[in-house]
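The values are calculated or read from the model by the stated rules, or taken from the named source; none is laboratory data. Predicted model only: the values in this text are computed from it and were never measured. Glycine also receives a Cβ, built like all others from the backbone with ideal geometry; neighbour counts cover every protein chain displayed. Note: accessible area is taken over every heavy atom of the protein model, side chains too, but ligands, DNA and RNA are not part of it. Shrake-Rupley method; radii C 1.70, N 1.55, O 1.52, S 1.80 Å.
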Amino acid sequence: MFNSILNGFFVTSVRRKVVARFDHLLRLYTSGIAVWVLYSAIFSRLDVLATSIIYLCLILVPSFLYIGGSSRSDTKIPSSIDWFLAFSALISAIYFISEIENISTRISLLNELSPLEYFFSSLIVLLSLEITRRAIGVVLLTIILAFIAYNLFGHYFTGILGHGVITTSHFLDINVFTTDGLFGIPIRVAATYAFLFVLFGTFFEKSGGSNFFFNVSKRLAGKTRGAPAKISVLSSALFGTMSGSPTSDVVATGSITIPLMKKFKYPAGMAGGIEVAASTGGSLLPPVMGSAAFIMSEFTEIPYLSIVSVALFPALVYYLSLLIQVHFRSPVSNPINVYGEDAFRVGNIYDFLYLMPLVGLIFMLVLGFSPTMVAAISTCLIWLISLIHPKSKVSLLKAIDVLSLATLRMIPVTAACASAGLVIGGITMTGLASKFSSIAFTIGGDSQLVICIFAALVTIILGLGMPTPSAYILSAVLVAPTLVEIVELPLINVHLFLFYFAVLSAMTPPVAVAAYAASAISESNPFSLAIFALKLSAAAFILPFSFISMPSLLHSFDTLIVVVDAFFLISSCVFISIAFSVEAKKYYFYILKVILGSISLVLILPQFVFKGFFLLTGWALLALIIRLQKV
């Protein structure tokens, strides 16, 4: 009963793969959007506001035809309301694109909105809210509407939450005709970096790249204990570097790995939980990082390459801890060759072509190319490889379908980014971020730890049912200023701290959107599946706090203190993984595991004089637990 209510609240509308009678025309249109984004990244000299306006207006038009009004909508034929909304989006697109020059030179709040500006600004806000409801669900829409209501009626509040009068014209002016709202940073990122990396990932997947990742995982883990589960972890991690979405990662890799694990007698909930934990972690891995790395770069003005460089080490530590848990939770009698000897032969020489765009991507970033240019060139390269690879099914004509699919995959991300832009505009107008500081200090006092725990909880709550980018954006705008300016924590540490919890919200009950996707494949209860995924991901809740307590971890490994802190962090994550995974044989075994788990928490405390003693004790205890484990 509880699950059905939750499912009804968080469900999204039906996704149409085909739109009857007009599908070919719409595929040409949506593929044209992808080509325009690619052209804009390489050749266009449009300013950022113009790029954002064109992109949002163009993608709104097919969105209402490919995503129905409810989960019960027809899977092929759009309703009359869908067509009406698509036509409204087309009319607003014509208006805003034709008025780009006037909008760019317009002085907000000085020039009053004309009746035409008032109408079309209201229309595009309503269209953005409706596509958010359809693509993301009621949860995000409710949050956005709450922020809008606070903007328009917050002047009735007394005390710290009160603000000056904001009229509807004022609200529309800031949110539509400036770069602080609808056409702000989130949509700008969606129209550039995010779209291009999704396009790259789509071409990579459809040309056979995902199979390449899967084969690599088989060769790495196929003859070890827990091989089916380890293959799931490794393939999800590799695919996650490109997909940028825990849910899409679950669907893409889980459709193969979950049935495989069930075949080897893994319980359905365990198989789904392993896939959820592995796929969610994919958003922590560079270069895409759930599309949030690009948004983080825009918000913080820290170079993208610097962000992905420091994010790599903690992400690898997470997967190390996940592999440890999977190893000890798997049957000891299962170190068998899952796929037969043929699976472990050296791959076809053509398969190594898939490494070219990945190596080229890293090489170009190191050389200092912009992320937009890197993504555009890498996309062109994988497009070329998809045409010449003998196993690829992407012909010149099929490339249109891939371009169209990439555009359709960007609709939910675009909807989330547009709505997040409205929140940013509202927070800018009301000064809500500074008011959050007062609330945080009222709750946490002078305790940095309590304030950070409160920030983590707020981020998880804001992220329930949302894609990673929008969850991160909300926390970056609302929470980050408090931690950076008031608590005086390093900028990149704060944003990575919030980013980790924004990612973890994808598998945190009661919503756990990634768990709902996995439950459909594994045929298990999504709530129990999410709980199991949380146990597997225990280290992920320690990692972000280490960014605060040991800030040197996010610097280059060129000093002894950074190396020492890194070893403390690795040890902490290994200890907690062992404590959560190794099975108990006697009752006192549980006490040993609790002690080991407690030591893992002690190791991330800042400047604790006895950390070395606890480190040695932890490793000794770990050796004892493994020796006494149930086999």
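Stick to the Cα atoms of segment 148-243, pair each with every other, and give me the Kirkwood hydrodynamic radius in Å at one decimal. Walk me through the intermediate numbers first.
On the way: mean 1/r = 0.0570 Å⁻¹.
Taking the inverse mean of 1/r over all distinct Cα pairs, segment 148-243 comes out at 17.6 Å.
Might you tell me the accessible area per residue for the chain, computed with a 1.4 Å probe and given in Å²?
With the other protein chains kept in place, the chain gives 40 Å² per residue.
Explain nothing, just compute: Karplus ³J(HN,Hα) = 6.51 cos²θ - 1.76 cosθ + 1.60, θ = phi - 60°, for every residue of segment 361-374 in order, whole Hz, x for Gly and Pro.
4, 5, 4, 5, 4, 5, 6, x, 5, 5, x, 4, 5, 4
What span do the alpha-carbon atoms of segment 77-159 cover on each of the three principal axes, reported in whole Å from largest to smallest?
51, 36, 18
How long is the gain from LEU624 to ALA146 if the chain were fully straight, where each residue apart is worth 0.36 nm and the alpha carbon distance is subtracted? Walk me through the numbers on the way to the answer.
Details: separation 478, 0.36 × 478 = 172.08 nm, distance 5.32 nm.
Between LEU624 and ALA146, full extension yields 166.8 nm more.
Plugging the Kirkwood radius over Cα pairs into Stokes-Einstein for segment 474-631, at a temperature of 37 °C and a viscosity of 0.692 mPa s, what D comes out in µm²/s? Could the numbers behind the result be given before it?
Details: Rh = 17.5 Å.
Translational diffusion coefficient: 188 µm²/s.
Name the aspartates and glutamates eligible as straight-distance cross-link partners of LYS262: C-alpha to C-alpha under 17 Å, and not fewer than 8 places from it in the same chain.
In chain and number order, the partners are GLU275, GLU523.
Quote to one decimal, in nm, the extra length available between LEU601 and VAL563 on full extension: 0.36 nm per residue of separation minus the C-alpha distance between them.
Once the chain is fully extended between LEU601 and VAL563, it gains 11.8 nm.
Within segment 221-300, which trypsin sites (Lys or Arg not before Pro) sit in a loop by DSSP and count at most 14 neighbouring Cβ atoms inside 10 Å?
Details: sites: LYS223, ARG225, LYS230, LYS262, LYS263, LYS265; in loops: LYS223, ARG225, LYS265.
Those that pass, being in a loop and sparsely packed, are LYS265.
Dividing the alpha-carbon radius of gyration of segment 257-324 by 2.2 N^0.38 Å (N being the number of residues), what value is obtained? Display every interim value, and only then the final one.
Working: Rg = 15.4 Å, N = 68, 2.2 N^0.38 = 10.9 Å.
Expressed relative to 2.2 N^0.38 Å, the Cα Rg reads 1.41.
Ratio of Rg to Rh for segment 382-421, alpha carbon only, Kirkwood? Can you show the working numbers first?
Numbers: Rg = 14.1 Å, Rh = 11.7 Å.
Taking Rh as the inverse mean 1/r over Cα pairs, Rg/Rh reads 1.21.
What translational diffusion coefficient, to the nearest whole µm²/s, does the chain have by Stokes-Einstein, given a Kirkwood radius computed over alpha-carbon pairs, a temperature of 10 °C and 1.306 mPa s viscosity? Please report the intermediate quantities before stating the final value.
On the way: Rh = 25.4 Å.
For these conditions, the coefficient is 62 µm²/s.
Relative to the compact-globule scaling 2.2 N^0.38 Å, provide the ratio for the alpha-carbon radius of gyration of segment 545-585.
On the way: Rg = 13.0 Å, N = 41, 2.2 N^0.38 = 9.0 Å.
After normalising by residue count via 2.2 N^0.38 Å, the value is 1.44.
Distance from a point 7 Å along Cα→Cβ of ILE91 to each backbone N in segment 39-75: keep the residues under 15 Å and list them by number.
61
Which of the aspartates and glutamates could be linked to LYS435 by a straight reach, that is with a Cα gap under 18 Å, when you skip same-chain ones fewer than 8 residues away?
ASP446, GLU485, GLU488
Percent of accessible area on segment 170-289 owned by carbon and sulfur, 1.4 Å probe?
On the way: 1660 of 2700 Å².
Answer for segment 170-289 is 61 percent, counting heavy atoms of protein chains only.
Let me check against my output: what whole-number percent is the relative contact order of segment 414-507, with C-alpha pairs under 8 Å and at least 6 apart? Show your work: numbers first, answer last.
On the way: 100 pairs, mean separation 31.6, N = 94.
The value is 34 percent.
Please report Rg (one decimal) and Dmax (integer) in Å for the Cα set of segment 438-536.
15.0, 47
For ILE67, list long-range residues whose amide hydrogen, built 1.01 Å from N in the peptide plane, is under 5 Å from its own amide hydrogen.
Hits under the 5 Å cutoff: ARG16.
Could you compute the FRET efficiency for ILE453 and PHE363, with r as their C-beta to C-beta distance and R0 at 45 Å, rounded to 0.05?
Numbers: r = 40 Å, r/R0 = 0.90.
For ILE453 and PHE363, the calculated efficiency is 0.65.
Gap in Å between the Cα centre of segment 404-438 and the Cα centre of segment 100-127?
19 Å
May I ask you to rank MET410, MET373, MET364 by accessible area, largest first, using a 1.4 Å probe over the protein chains only? Display every interim value, and only then the final one.
On the way: MET410 0, MET373 50, MET364 30 Å².
Of MET410, MET373, MET364, the descending order of accessible area is MET373, MET364, MET410.
Want the number for THR105 to ILE388: 0.36 nm per residue separation, take away the alpha-carbon distance, what's left? Provide the component values of the computation, followed by the final result.
Numbers: separation 283, 0.36 × 283 = 101.88 nm, distance 4.71 nm.
Contour length minus the Cα-Cα distance gives 97.2 nm.
Carbon and sulfur: what percent of segment 1-149's accessible surface (1.4 Å probe)? The partial results should precede the final answer.
Values: 5180 of 7550 Å².
Roughly 69 percent of what the probe reaches on segment 1-149 is carbon or sulfur.
Loop only by DSSP, 16 or fewer other Cβ within 10 Å of the Cβ. Give me the GluC sites (Glu not before Pro) in segment 439-545 that pass, ordered by residue number.
Numbers: sites: GLU485, GLU488, GLU523; in loops: GLU488, GLU523.
When the GluC sites (Glu not before Pro) of segment 439-545 are filtered for loop state and at most 16 Cβ neighbours within 10 Å, GLU488, GLU523 remain.
From largest to smallest, what semi-axes in whole angstrom does segment 460-502 give when each is the square root of 5 times an eigenvalue of its alpha carbon gyration tensor? Kindly include the intermediate steps, with their values, before the conclusion.
Numbers: eigenvalues 72, 17, 10 Å².
Ellipsoid semi-axes (Å, largest first): 19, 9, 7.
Would you compute, from DSSP H runs of 4+ residues alone, the mean residue ellipticity of the chain at 222 nm, taking -39500 (n - 2.57) per run and dividing by the full residue count, rounded to the nearest 500? Write out the running numbers ahead of the final one.
Values: 29 runs with 441 residues, N = 631.
Roughly -23000 deg cm²/dmol at 222 nm, from the helical runs in the chain.
Take the residue pairs LYS76/LYS398; LYS230/LYS393; LYS535/LYS593; LYS218/LYS593 and return only those whose Cα atoms are more than 25 Å apart.
Check vs 25 Å cut-off fails for LYS230/LYS393; LYS218/LYS593.
Output the relative contact order of the chain, whole-number percent, from Cα pairs under 8 angstrom with separation of 6+ residues. All intermediate terms of the calculation are to be shown ahead of the outcome.
Working: 1014 pairs, mean separation 108.1, N = 631.
So the answer I get is 17 percent.
In the P(r) worked out for segment 18-123, what percent of Cα pairs fall beyond 18 Å? Intermediate results must be reported in sequence, preceding the final value.
Numbers: 3155 of 5565 pairs.
The proportion of pairs with Cα distances above 18 Å equals 57 percent.
Show me the three semi-axes of the equivalent ellipsoid for segment 499-582, from the C-alpha gyration tensor (sqrt of 5 times each eigenvalue), largest first, rounded to whole Å. Can you show the working numbers first?
Working: eigenvalues 195, 40, 15 Å².
So the equivalent ellipsoid measures 31, 14, 9 Å along its semi-axes.
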